[in-house]
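To start, the structure under review is shown below, and the notes come after it.
The values are calculated or read from the model by the stated rules, or taken from the named source; none is laboratory data. Because the structure is predicted, anything quoted here is derived from the model rather than measured. Ideal geometry is used to build each Cβ from the backbone, glycine not excepted, and the neighbour counts take in all protein chains shown. In case anyone asks, the SASA skips ligands and DNA or RNA and just uses the protein heavy atoms, side chains included. Shrake-Rupley method; radii C 1.70, N 1.55, O 1.52, S 1.80 Å.
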Amino acid sequence: ATSRLLVNYQEPYRSQILDYLFKPNFGASLHILKVEIGGDGQSTDGTEPSHMHYENDENYFRGYEWWLMKEAKKRNPQIKLIGLPWTFPGWIGKGENWPYDYPDVTAYYIISWILGAKQYHDLDIDYIGIWNERAFSSKYIKLLRYTLDKRGLEQVRIIASDRLWEPISFVLLIDSELHGVVDVIGAHYPGTKTVQNAILTEKKLWASEDYSTFNDEVGAGCWARILNQNYVNGNMTSTIAWNLVASYYEDLPFGRCGLMTAQEPWSGHYKVEAPIWITAHTTQFTQPGWSYLQVDGRLEGGGSFVALTDGLGNLTIIIETMTHNHSRCIRPPLPLFSVTPQRATFTLKGSFQETNRLKYQRLLHTWQTFKHSSSVYIMSLNFLQFQVRRGKFSLDLNVDEVYTLTTLKTGQKCCCPEPPPSQPFPSNYKDDFNIRNPPFSEAPNFADQTGVFEYFVNASDPGDHVFTLRQVVVQRPVTWVSDADQTISVIGNFQWVNMTVTCDIYIEKQRDGGVFIAGRVDNGGIYVRRTKGVFFWVFADGTYRVTGDLAGEEILMKGLSGVRDHAWHTLTLSIQGNSASGLLNGYLLWENVTVSKPSNGWAALGTRSFEFAQFDNFHVEA
């Protein structure tokens with residue numbers, strides 16, 4: 001759920017961000033886009049909607065991943081697309097928190113997503129994963145391959161198991177049928193190392209999720225080091241960064257752990273961070289289908305290099321000399337090592353040695369990135385002075401630098417005009433959800449943390465509430481982490497202290513249905529169950545509560561409200577300093593509730609359980 005805010009950017013800024021990510025020979029020029037197959041559950045920084053909320057439901061226009069894949073393909077038709085589920089809708093598990101009891105149902109669900117991508121968006125999915133960082137089922141993987149082939153999807157390759165090297169590598173060695181259907185072993189955060197069993201499978205080895213590090217200069221150093229050393233130390237020929245772009249509220253887990261930052265659609269501000277240019281050192285000068293040359297890429301003075309060729313005479317060499325303290329990733333821990341300034345000599349052999357000398361004068365197209373005095377990375381075209389003599393050349397390498405030597409002439413460090421300055425979230429924000437044909441299924445800036453909140457056309461309403469926001473997940477998903485038992489969507493500025501939140505609410509569930517509005521909400525993402533704040537609840541049985549937590553265990557006030565289901569009511573929550581009060585339909589319902597913690601946080605709305613409910617005319621003044 002890390003691209004949530006990106007879709008809300010106005011033009012031209014949204015297209016500029018997408019250009020930096022996907023446009024060839026412009027910025028990151030990415031080769032691969034891996035997306036979540038939304039499953040209605042929490043997947044790190046929010047929930048993404050499923051294409052099948054319910055067993056008899058199919059909709060291939062929910063969420064933003066379809067849009068993102070099309071924008072990537074529009075810029076680079078050759079980009080590879082990968083789909084991977086983190087969570088699954090509850091009906092997949094038939095009451096169990098497990099997707100493998102009915103493998104035919106799960107395979108049908110995943111293949112529906114692949115077919116929908118093609119039918120509705122003309123997107124060809126290249127690779128499909130099993131279940132992110134959770135157990136795999138050999139029976140399910142075999143059935144998935146069988147069903148893919150049966151549906152004419154032989155070209156879709158299978159990655160397993162998006163967790164650790166083991167036990168998948170061992171199982172592939174002892175199960176020849178499974179070995180025949182898995183194309184790639186994908187490991188997460190391998191620390192540039194692999195295991196012997198993985199090598200023995202003779203499968204492609206990928207770091208199918210890596211990086212996940214704050215995108216400052218240390219994060220850029222982390223990314224530079226692992227892009228090279230995943231191959232040098234671990235024989236991995238693909239490295240996929242989590243995450244693409246930090247387009248989620250920064251105070252959610254792993255804030256700014258993207259290749260660039262675009263978390264202010266209300267202002268248009270974004271920042272092209274250093275990892276974009278580190279990526280370009282590899283992606284602008286190689287392509288999928290190029291081969292790594294089997295060389296010992298460890299430099300004597302520390303650091304590493306890789307060499308790749310297209311098999312047609314072109315050669316690209318990428319060198320990194322990242323020091324320990326300048327290249328620590330978020331995980332795993334990095335053992336101490338030293339890097340010193342050095343003179344490195346490279347020897348060209350085989351067909352590269354035989355190539356006439358003039359061609360290798362093109363190696364003088366040398367890209368260099370270095371740590372500037374202000375700790376900023378610069379990527380520039382530098383004409384280093386060196387000559388190729390008898391197939392050899394030498395370079396003086398400093399520490400914390402990245403070099404690309406290439407026969408290609410295509411590299412560019414492109415830039416757009418400076419985006420608008422950073423601005424906080426508007427302190428007076430309204431949304432009446434009155435949009436007949438919304439471009440996306442979710443309202444701008446709302447970040448769902450449990451459940452899914454979608455635009456809804458209320459055809460039975462006489463007129464005041466035809467267009468609303470509706471919570472639509474009515475069964476607990478097959479979860480990836482500990483989703484809350486309540487649904488919640490957050491919005492606004494995490495630093496807000498005093499605020500007034502107003503919203504029209506409509507409870508659909510009889511007897512034990514309920515909804516809330518909230519302020520000073522302090523948590524989300526994988527930590528959503530522990531969320532604190534000031535929560536104003538009303539229930540279908542005519543009662544209300546004020547609680548200090550999403551779980552509803554810390555009761556600050558309770559009483560009768562007269563609220564009933566299937567009727568519209570207006571709730572107002574006011575928090576000023578250490579005191580809170582609540583209005584129902586414009587009349588004071590409760591006041592003088594003392595609130596001390598948390599001291600700040602987002603505004604939010606949500607439901608008591610996984611139940612249908614509607615919201616309208618949301619307004620926050622902070």
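Do we find that residue 58 is open to solvent by 20 Å² or more (accessible area, probe 1.4 Å) and in a loop (DSSP other than H, G, I, E, B) in this structure?
The answer is yes for residue 58.
Among the residues of the range 565-622, what is the count of those that are polar (S, T, N, Q) and outside any strand (DSSP E or B)?
Final tally of qualifying residues: 6.
Would you call residue 219 touching an Asp or Glu at 6+ places or on another chain (Cβ under 8 Å) and within 30 Å of residue 273 (Cα to Cα)? Walk me through how you get there before you give the answer.
Values: touching an Asp or Glu at 6+ places or on another chain (Cβ under 8 Å): yes; within 30 Å of residue 273 (Cα to Cα): yes.
Here the answer is yes, as residue 219 does meet what is asked.
Any residue in the range 240-256 that's under 15 Å from residue 425 (Cβ atoms): show its pairings with residues that are of a type in the set (Lys, Arg) at Cβ separation under 7 Å, as long as the two are six or more apart or on different chains.
Sorted first by the residue in the range 240-256, then by its partner, the pairs are 247/4; 248/4; 250/256.
Quick check on the range 8-46: of everything there that is under 21 Å from residue 85 (Cα atoms) and among the aliphatic types (A, V, I, L, M), which residue is surrounded by the most Cβ atoms within 10 Å (Cβ to Cβ)?
37
Going by what's in this entry, would residue 64 be described as of a type in the set (Ser, Thr, Tyr) and open to solvent by 40 Å² or more (accessible area, probe 1.4 Å)?
Working: of a type in the set (Ser, Thr, Tyr): yes; open to solvent by 40 Å² or more (accessible area, probe 1.4 Å): no.
Here the answer is no, as residue 64 does not meet what is asked.
For residue 548, all conditions in the list (1) under 19 Å from residue 429 (Cβ atoms); (2) outside any loop (DSSP other than H, G, I, E, B); (3) touching a Lys or Arg at 6+ places or on another chain (Cβ under 7 Å) hold save one; what is the number of the exception?
For residue 548, the failing item is (1).
Taking the range 405-429 on its own, how many of its residues are in a loop (DSSP other than H, G, I, E, B) and among the hydroxyl-bearing types (Ser, Thr, Tyr)? Spell out how you get there, then give the answer.
Initially, the range 405-429 is screened for residues in a loop (DSSP other than H, G, I, E, B), giving 407-427.
Subset that is among the hydroxyl-bearing types (Ser, Thr, Tyr): 407, 410, 422, 427.
Qualifying residue count, the range 405-429: 4.
Restrict the check to the range 609-619 and report whether at least one residue is in contact (Cβ under 8 Å) with a residue 24 or more places away in the chain, in contact with a strand residue (DSSP E or B) (Cβ under 9 Å, 6 or more places away or on another chain), more than 16 Å from residue 499 (Cβ to Cβ) and of a type in the set (Gly, Ala, Ser). Lay out the reasoning, then the answer.
So in the range 609-619, the residues in contact (Cβ under 8 Å) with a residue 24 or more places away in the chain come out as 609-619.
Going one step further and asking which of them are in contact with a strand residue (DSSP E or B) (Cβ under 9 Å, 6 or more places away or on another chain), we end up with 609-619.
Next, from what is left, pick out any that are more than 16 Å from residue 499 (Cβ to Cβ): 609-617.
Keeping just the survivors that are of a type in the set (Gly, Ala, Ser) gives 609, 613.
Within the range 609-619 (the criterion being in contact (Cβ under 8 Å) with a residue 24 or more places away in the chain, in contact with a strand residue (DSSP E or B) (Cβ under 9 Å, 6 or more places away or on another chain), more than 16 Å from residue 499 (Cβ to Cβ) and of a type in the set (Gly, Ala, Ser)), the answer is yes, since at least one residue qualifies.
Which one of 70, 23 is over 14 Å from the mean Cα position of the chain (by Cα), of a type outside the set (A, V, I, L, M, F, W, C) and under 25 Å from residue 237 (Cβ atoms)?
Of the residues listed, the single one that is over 14 Å from the mean Cα position of the chain (by Cα), of a type outside the set (A, V, I, L, M, F, W, C) and under 25 Å from residue 237 (Cβ atoms) is 23.
Being in contact (Cβ under 8 Å) with a residue 24 or more places away in the chain, among the aromatic types (Phe, Trp, Tyr) and open to solvent by 20 Å² or more (accessible area, probe 1.4 Å) is the filter here; which residues of the range 383-429 pass it?
Correct list: 429 only.
Identify all residues within the range 430-454 that are surrounded by 19 or more Cβ atoms within 10 Å (Cβ to Cβ) and not in a loop (DSSP other than H, G, I, E, B); write none if there are none. Outline the logic, then answer.
Pass one, the range 430-454, residues surrounded by 19 or more Cβ atoms within 10 Å (Cβ to Cβ): 431, 433, 442-443, 445-454.
Selection gives 431, 447, 448, 449, 450, 453, 454.
So which residues in the range 405-431 are more than 19 Å from residue 5 (Cα to Cα) and modelled with pLDDT of 90 or more?
Within the range 405-431, 416, 417, 418 qualify.
Of all residues in the range 440-463, count the ones that are free of Cβ contacts under 8 Å to residues at least 24 places away in the same chain and more than 22 Å from residue 476 (Cα to Cα).
The qualifying residues number 6.
For the range 310-326, which positions are open to solvent by 20 Å² or more (accessible area, probe 1.4 Å) and in contact with a strand residue (DSSP E or B) (Cβ under 6 Å, 6 or more places away or on another chain)?
Result: 310, single match.
What helices (runs of 4 or more DSSP H) completely inside the range 166-244 contain at least 1 residues that are of a type in the set (Ser, Thr, Tyr) and surrounded by fewer than 19 Cβ atoms within 10 Å (Cβ to Cβ)?
176-181
Looking at 483, 549, 512, can you tell me which residue is under 24 Å from residue 95 (Cβ atoms), at pLDDT 95 or above and crowded, with 18+ Cβ neighbours inside 10 Å? I'd like the intermediate steps shown before the answer.
Details: 549 fails: under 24 Å from residue 95 (Cβ atoms); 512 fails: crowded, with 18+ Cβ neighbours inside 10 Å.
The match here is 483.
Would it be correct to say that residue 109 is buried (at least 20 other Cβ atoms within 10 Å of the Cβ), in a helix (DSSP H, G or I) and of a type in the set (Ser, Thr, Tyr)? Talk me through it step by step, then tell me what you get.
Details: buried (at least 20 other Cβ atoms within 10 Å of the Cβ): yes; in a helix (DSSP H, G or I): yes; of a type in the set (Ser, Thr, Tyr): yes.
So residue 109 fits the description; yes.
What number of residues in the range 75-89 are in contact (Cβ under 8 Å) with a residue 12 or more places away in the chain and open to solvent by 10 Å² or more (accessible area, probe 1.4 Å)?
Residues meeting the conditions: 5.
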